[in-house]
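A short write-up of the structure that comes next.
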Amino acid sequence: GGKPSVLWVAANLDALILASGPTSATNNHALIVAINPVSTGTLRALMDIVTGRLLFEMGAVSPASANLSYYDGISRPIALATTGAQILTWVLTSGVGGEIFRGSTSLGTSTYTNKAIGGAIGLGCFNDGSAWYIDARIGRLMLFSTLDAARDARVRAWMSTHYGIAL
């Protein structure tokens with residue numbers, strides 16, 4: 001939508017590795033991102049939080065090479081990733097499970113092993129030396145340690161208006 005974004009290019013090994021990232025003792029997490037994936041090939045990581053190993057994936061290892069998933073000790077593929085501007089939301093709920101949304105539409109659910117997180121964080125890659133660099137433009141990424149469906153809907157609506165991405 002002509003708004004500022006960061007371009008991550010896998011071939012250039014683009015990534016941001018922070019020695020200290022978000023810390024949360026809670027097991028609930030919501031990640032909302034305005035993103036335009038350029039490719040959805042195998043092994044693409046949007047964000048990896050090392051302590052507690054919580055990984056938000058755009059191309060999971062299994063069963064397909066282009067899945068939206070999360071890793072909580074096991075890769076949890078939910079839906080096929082697509083290219084083009086979109087707003088994606090991962091909602092991981094302690095004792096309930098994980099769900100991924102594209103816009104305001106749920107793409108599906110899976111189980112979720114509760115994770116308290118902290119330590120190093122990798123944006124645009126898997127932070128253990130395995131690469132998994134992403135090809136995407138990222139406009140805004142927000143990580144919450146509290147769950148609030150009304151807040152998530154407001155954030156998605158704001159991103160939709162701000163970036164011109166239909167929900």
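The values are calculated or read from the model by the stated rules, or taken from the named source; none is laboratory data. Just so it is clear, the model here is predicted, and its values are computed rather than measured. Cβ placement follows ideal geometry from the backbone for every residue including glycine, while neighbour counts extend to all protein chains displayed. Accessible surface is based on the protein model in full, side chains and every heavy atom, while ligands, DNA and RNA are left aside. Shrake-Rupley method; radii C 1.70, N 1.55, O 1.52, S 1.80 Å.
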**Message:** Of everything in region 84-96, what is surrounded by fewer than 14 Cβ atoms within 10 Å (Cβ to Cβ) and either touching a strand residue (DSSP E or B) at 6+ places or on another chain (Cβ under 7 Å) or acidic (Asp, Glu) (or both)? Give them in sequence order.
**Reply:** Gly84
**Request:** Give region 111-167 a look and list any residue that's of a type in the set (Gly, Ala, Ser), within 15 Å of the chain's Cα centre (by Cα) and open to solvent by 30 Å² or more (accessible area, probe 1.4 Å), or say none.
**Result:** Ser145
**Message:** So if I check each of Val6, Val50, which one is in contact with a strand residue (DSSP E or B) (Cβ under 6 Å, 6 or more places away or on another chain), of a type outside the set (D, E, K, R) and buried (at least 17 other Cβ atoms within 10 Å of the Cβ)?
**Reply:** Val50
**Item:** Residues of region 21-37 satisfying the condition of being within 15 Å of the chain's Cα centre (by Cα) and at pLDDT 85 or above
**Value:** Asn28, His29, Ala30, Leu31, Ile32, Val33, Ala34, Ile35, Asn36, Pro37
**Prompt:** Given the conditions (1) modelled with pLDDT under 85; (2) hydrophobic (A, V, I, L, M, F, W, C); (3) part of a strand (DSSP E or B); (4) surrounded by fewer than 21 Cβ atoms within 10 Å (Cβ to Cβ), which single one is not true for Met58?
**Reply:** (4)
